[in-house]
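Working notes, structure below.
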Amino acid sequence: MSIPVLTIDGPSGAGKGTVSRAVAKKLGWHYLDSGSIYRSLAIASLRQNINLDNPQEITDVAARMRLEFDCLDELIVKLDGEDITAQLGSEQTGSVASKIAAIPEVRAILLQKQRDFKQLPGLVADGRDMGTVVFPDAKYKVFLTASAAERAVRRYKQLIEKGIDVNLQKITEEIEARDRRDMEREAAPLAMAADAIYIDSSDMSLEVVIQEVLNLIR
Ligand code: DC
(Lines give C-alpha, C1' and ligand atoms only; values in the text may rest on other atoms or scores of the structure.)
Protein backbone atom coordinates (compact mmCIF):
# COMPACT_ATOMS: atom_id res chain seq x y z
CA MET A 1 0.00 0.00 0.00
CA SER A 2 1.42 3.37 -0.92
CA ILE A 3 1.72 5.89 1.86
CA PRO A 4 -0.02 9.21 1.05
CA VAL A 5 2.10 12.33 1.36
CA LEU A 6 0.93 15.95 1.36
CA THR A 7 3.70 18.50 0.82
CA ILE A 8 3.30 22.13 1.84
CA ASP A 9 6.10 24.38 0.59
CA GLY A 10 6.48 28.12 0.69
CA PRO A 11 8.43 31.04 2.15
CA SER A 12 8.82 31.66 5.87
CA GLY A 13 5.83 33.17 7.62
CA ALA A 14 3.21 32.01 5.10
CA GLY A 15 1.48 29.91 7.77
CA LYS A 16 2.84 26.53 6.64
CA GLY A 17 3.53 25.32 10.17
CA THR A 18 0.09 26.12 11.54
CA VAL A 19 -1.70 24.77 8.47
CA SER A 20 0.42 21.60 8.27
CA ARG A 21 0.00 20.77 11.95
CA ALA A 22 -3.75 21.34 11.84
CA VAL A 23 -4.18 19.23 8.70
CA ALA A 24 -1.96 16.43 10.08
CA LYS A 25 -3.97 16.40 13.28
CA LYS A 26 -7.31 16.30 11.44
CA LEU A 27 -6.16 13.43 9.22
CA GLY A 28 -4.24 11.60 11.96
CA TRP A 29 -1.10 11.69 9.79
CA HIS A 30 2.53 12.20 10.80
CA TYR A 31 4.04 15.67 10.55
CA LEU A 32 7.48 16.66 9.28
CA ASP A 33 8.65 20.21 10.04
CA SER A 34 11.73 20.12 7.82
CA GLY A 35 12.69 23.69 8.77
CA SER A 36 13.22 22.49 12.35
CA ILE A 37 15.86 20.04 11.09
CA TYR A 38 17.82 22.91 9.50
CA ARG A 39 17.20 25.02 12.60
CA SER A 40 18.49 22.20 14.86
CA LEU A 41 21.63 21.99 12.74
CA ALA A 42 22.04 25.76 13.12
CA ILE A 43 21.84 25.40 16.92
CA ALA A 44 24.29 22.48 16.93
CA SER A 45 26.73 24.45 14.76
CA LEU A 46 26.49 27.61 16.88
CA ARG A 47 27.05 25.57 20.05
CA GLN A 48 30.10 23.85 18.71
CA ASN A 49 31.52 27.20 17.71
CA ILE A 50 32.43 25.98 14.28
CA ASN A 51 33.28 28.24 11.37
CA LEU A 52 29.96 28.89 9.61
CA ASP A 53 31.81 29.67 6.40
CA ASN A 54 33.33 26.19 6.29
CA PRO A 55 30.89 23.75 4.60
CA GLN A 56 32.94 20.72 5.64
CA GLU A 57 32.66 21.49 9.35
CA ILE A 58 28.89 22.00 9.09
CA THR A 59 28.49 18.80 7.10
CA ASP A 60 30.37 16.92 9.86
CA VAL A 61 28.03 18.34 12.50
CA ALA A 62 25.01 17.33 10.37
CA ALA A 63 26.30 13.78 10.06
CA ARG A 64 26.92 13.45 13.81
CA MET A 65 23.86 15.18 15.32
CA ARG A 66 21.14 12.96 16.77
CA LEU A 67 17.61 14.37 16.49
CA GLU A 68 14.40 13.11 18.08
CA PHE A 69 10.96 14.51 17.29
CA ASP A 70 7.83 14.17 19.32
CA CYS A 71 4.68 15.68 17.90
CA LEU A 72 1.78 15.48 20.30
CA ASP A 73 0.00 18.82 20.62
CA GLU A 74 3.21 20.76 20.13
CA LEU A 75 6.39 19.72 18.37
CA ILE A 76 9.21 18.81 20.78
CA VAL A 77 12.70 18.53 19.33
CA LYS A 78 15.67 16.97 21.10
CA LEU A 79 19.24 17.45 19.95
CA ASP A 80 21.59 14.78 21.30
CA GLY A 81 19.07 14.08 24.05
CA GLU A 82 18.49 17.72 25.09
CA ASP A 83 15.17 19.50 24.54
CA ILE A 84 15.95 22.51 22.28
CA THR A 85 12.34 23.36 21.35
CA ALA A 86 12.44 26.77 23.06
CA GLN A 87 15.45 27.90 21.02
CA LEU A 88 14.19 26.80 17.61
CA GLY A 89 12.12 29.87 16.83
CA SER A 90 14.64 32.68 17.26
CA GLU A 91 15.54 34.98 14.37
CA GLN A 92 19.22 34.09 14.73
CA THR A 93 18.47 30.37 14.45
CA GLY A 94 16.30 30.98 11.35
CA SER A 95 18.85 33.13 9.66
CA VAL A 96 21.78 30.72 10.32
CA ALA A 97 19.53 27.82 9.21
CA SER A 98 18.85 29.60 5.93
CA LYS A 99 22.60 30.09 5.36
CA ILE A 100 23.66 26.52 6.06
CA ALA A 101 20.69 25.15 4.12
CA ALA A 102 22.38 26.47 0.96
CA ILE A 103 25.18 23.88 1.28
CA PRO A 104 24.46 20.93 -1.08
CA GLU A 105 26.34 18.34 1.07
CA VAL A 106 24.28 19.36 4.10
CA ARG A 107 21.04 18.88 2.16
CA ALA A 108 22.20 15.48 0.93
CA ILE A 109 22.88 14.26 4.49
CA LEU A 110 19.51 15.49 5.73
CA LEU A 111 17.55 13.96 2.85
CA GLN A 112 17.17 10.46 4.32
CA LYS A 113 16.38 11.82 7.81
CA GLN A 114 13.39 13.57 6.19
CA ARG A 115 12.25 10.62 4.06
CA ASP A 116 12.18 8.43 7.18
CA PHE A 117 9.11 10.39 8.31
CA LYS A 118 7.02 8.84 5.54
CA GLN A 119 5.06 6.24 7.48
CA LEU A 120 1.50 4.96 7.58
CA PRO A 121 -1.17 6.22 7.70
CA GLY A 122 0.31 9.28 5.91
CA LEU A 123 2.58 12.30 6.15
CA VAL A 124 2.21 16.06 5.98
CA ALA A 125 5.63 17.53 5.09
CA ASP A 126 6.29 21.24 5.47
CA GLY A 127 9.30 23.08 4.03
CA ARG A 128 10.84 24.62 0.92
CA ASP A 129 11.64 21.60 -1.26
CA MET A 130 9.22 18.94 -0.03
CA GLY A 131 7.29 18.67 -3.30
CA THR A 132 10.28 19.26 -5.58
CA VAL A 133 13.13 17.24 -4.04
CA VAL A 134 12.32 15.28 -0.89
CA PHE A 135 8.94 13.81 -1.92
CA PRO A 136 8.63 14.46 -5.68
CA ASP A 137 6.08 11.62 -5.97
CA ALA A 138 3.77 13.04 -3.28
CA LYS A 139 0.12 12.61 -4.14
CA TYR A 140 -0.89 16.05 -2.85
CA LYS A 141 1.19 19.20 -3.18
CA VAL A 142 0.50 22.73 -2.01
CA PHE A 143 2.54 25.91 -2.45
CA LEU A 144 1.47 28.28 0.31
CA THR A 145 2.59 31.86 0.17
CA ALA A 146 1.62 35.42 1.18
CA SER A 147 3.06 38.82 0.39
CA ALA A 148 6.26 39.76 2.25
CA ALA A 149 4.45 42.72 3.84
CA GLU A 150 1.68 40.48 5.20
CA ARG A 151 4.14 37.87 6.47
CA ALA A 152 6.15 40.59 8.21
CA VAL A 153 3.03 41.91 9.95
CA ARG A 154 2.11 38.39 11.15
CA ARG A 155 5.61 37.81 12.50
CA TYR A 156 5.62 41.26 14.13
CA LYS A 157 2.34 40.52 15.94
CA GLN A 158 3.62 37.13 17.13
CA LEU A 159 6.76 38.68 18.60
CA ILE A 160 4.92 41.60 20.22
CA GLU A 161 2.50 39.11 21.81
CA LYS A 162 5.49 37.30 23.28
CA GLY A 163 6.64 40.61 24.75
CA ILE A 164 9.60 40.92 22.39
CA ASP A 165 10.30 44.47 21.28
CA VAL A 166 10.73 44.53 17.49
CA ASN A 167 10.71 46.86 14.55
CA LEU A 168 8.38 46.13 11.61
CA GLN A 169 10.72 47.62 9.03
CA LYS A 170 13.60 45.44 10.24
CA ILE A 171 11.44 42.29 10.18
CA THR A 172 10.30 43.08 6.63
CA GLU A 173 13.92 43.44 5.54
CA GLU A 174 14.90 40.17 7.26
CA ILE A 175 12.03 38.32 5.58
CA GLU A 176 12.97 39.69 2.17
CA ALA A 177 16.63 38.76 2.69
CA ARG A 178 15.66 35.22 3.75
CA ASP A 179 13.33 34.84 0.72
CA ARG A 180 16.12 35.88 -1.60
CA ARG A 181 18.57 33.45 -0.02
CA ASP A 182 16.09 30.56 -0.08
CA MET A 183 15.02 31.23 -3.68
CA GLU A 184 18.33 32.10 -5.25
CA ARG A 185 20.47 29.27 -3.88
CA GLU A 186 21.48 26.56 -6.34
CA ALA A 187 20.75 23.55 -4.13
CA ALA A 188 17.02 22.80 -3.96
CA PRO A 189 15.84 26.43 -4.04
CA LEU A 190 12.41 27.40 -2.79
CA ALA A 191 10.24 26.80 -5.85
CA MET A 192 6.75 25.66 -6.63
CA ALA A 193 6.45 22.10 -7.97
CA ALA A 194 4.80 22.02 -11.40
CA ASP A 195 1.98 19.85 -10.01
CA ALA A 196 1.35 21.87 -6.83
CA ILE A 197 -1.77 23.86 -5.97
CA TYR A 198 -0.96 27.55 -5.39
CA ILE A 199 -2.53 29.28 -2.39
CA ASP A 200 -1.89 32.93 -1.57
CA SER A 201 -2.98 33.38 2.03
CA SER A 202 -2.43 37.18 2.20
CA ASP A 203 -6.16 37.87 2.52
CA MET A 204 -7.31 34.51 3.90
CA SER A 205 -7.77 33.38 7.47
CA LEU A 206 -5.80 30.29 8.48
CA GLU A 207 -9.09 28.42 9.05
CA VAL A 208 -10.05 28.95 5.41
CA VAL A 209 -6.63 27.83 4.20
CA ILE A 210 -6.82 24.68 6.37
CA GLN A 211 -10.27 23.89 4.95
CA GLU A 212 -9.05 24.39 1.39
CA VAL A 213 -6.14 22.00 1.93
CA LEU A 214 -8.42 19.40 3.55
CA ASN A 215 -10.81 19.68 0.58
CA LEU A 216 -7.94 18.80 -1.68
CA ILE A 217 -7.49 15.49 0.08
CA ARG A 218 -11.07 14.50 0.71
O1 DC B 1 10.60 26.96 7.68
P2 DC B 1 11.65 27.55 8.58
O3 DC B 1 11.60 29.04 8.67
O4 DC B 1 11.67 26.89 9.92
O5 DC B 1 13.06 27.18 7.89
C6 DC B 1 14.29 27.70 8.33
C7 DC B 1 15.30 27.71 7.19
O8 DC B 1 15.64 26.36 6.83
C9 DC B 1 14.81 28.34 5.90
O10 DC B 1 15.10 29.72 5.83
C11 DC B 1 15.51 27.59 4.81
C12 DC B 1 15.80 26.25 5.42
N13 DC B 1 14.91 25.20 4.92
C14 DC B 1 15.26 24.61 3.73
O15 DC B 1 16.24 25.01 3.12
N16 DC B 1 14.53 23.57 3.23
C17 DC B 1 13.45 23.14 3.88
N18 DC B 1 12.76 22.12 3.39
C19 DC B 1 13.05 23.76 5.09
C20 DC B 1 13.80 24.80 5.59
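Of note:
- Three-way shape call for segment 58-171 based on the alpha-carbon gyration tensor, with the a/c threshold at 1.5: prolate
- Counting only residues at least eight positions apart within a chain, or on another chain, the lysines with an alpha carbon under 27 Å from that of K78 are K16, K25, K26, K99, K113, K118, K162.
- Residues L216, L75 ordered from highest to lowest accessible area at a 1.4 Å probe: L216, L75.
- Accessible carbon and sulfur surface of the chain relative to its total accessible area, %, 1.4 Å: 51 percent
- Rolling a 1.4 Å probe over the protein heavy atoms gives segment 152-217 an accessible area of 65 Å² per residue.
- Over the chain, the hull volume per residue, using the convex hull of the C-alpha atoms, is 125 Å³.
- This model, with +1 at the C-beta of Lys and Arg and -1 at the C-beta of Asp and Glu, gives segment 78-218 a dipole about its Cα centre of some 220 debye.
- Shape of segment 138-218, Cα gyration tensor, a/c cut at 1.5: oblate
- Taking amide H positions as modeled 1.01 Å from N, with prolines and chain starts lacking one, the residues under 5 Å from Y31 and 5 or more places away or on another chain are V124.
- Residues I100, I50, sorted by accessible area with the largest first, give I50, I100 [1.4 Å probe; ligands and nucleic acids excluded].
- Loop sites in segment 56-139: trypsin sites (Lys or Arg not before Pro), DSSP, at most 12 other Cβ within 10 Å: R66
The values are calculated or read from the model by the stated rules, or taken from the named source; none is laboratory data. Just so it is clear, the structure is predicted and the values come from calculations on it, not from any experiment. Positions of Cβ are backbone-derived with ideal geometry, glycine not excepted, and every protein chain shown enters the neighbour counts. Heavy atoms of the whole protein, side chains included, go into the accessibility calculation; ligands, DNA and RNA do not. Shrake-Rupley method; radii C 1.70, N 1.55, O 1.52, S 1.80 Å.
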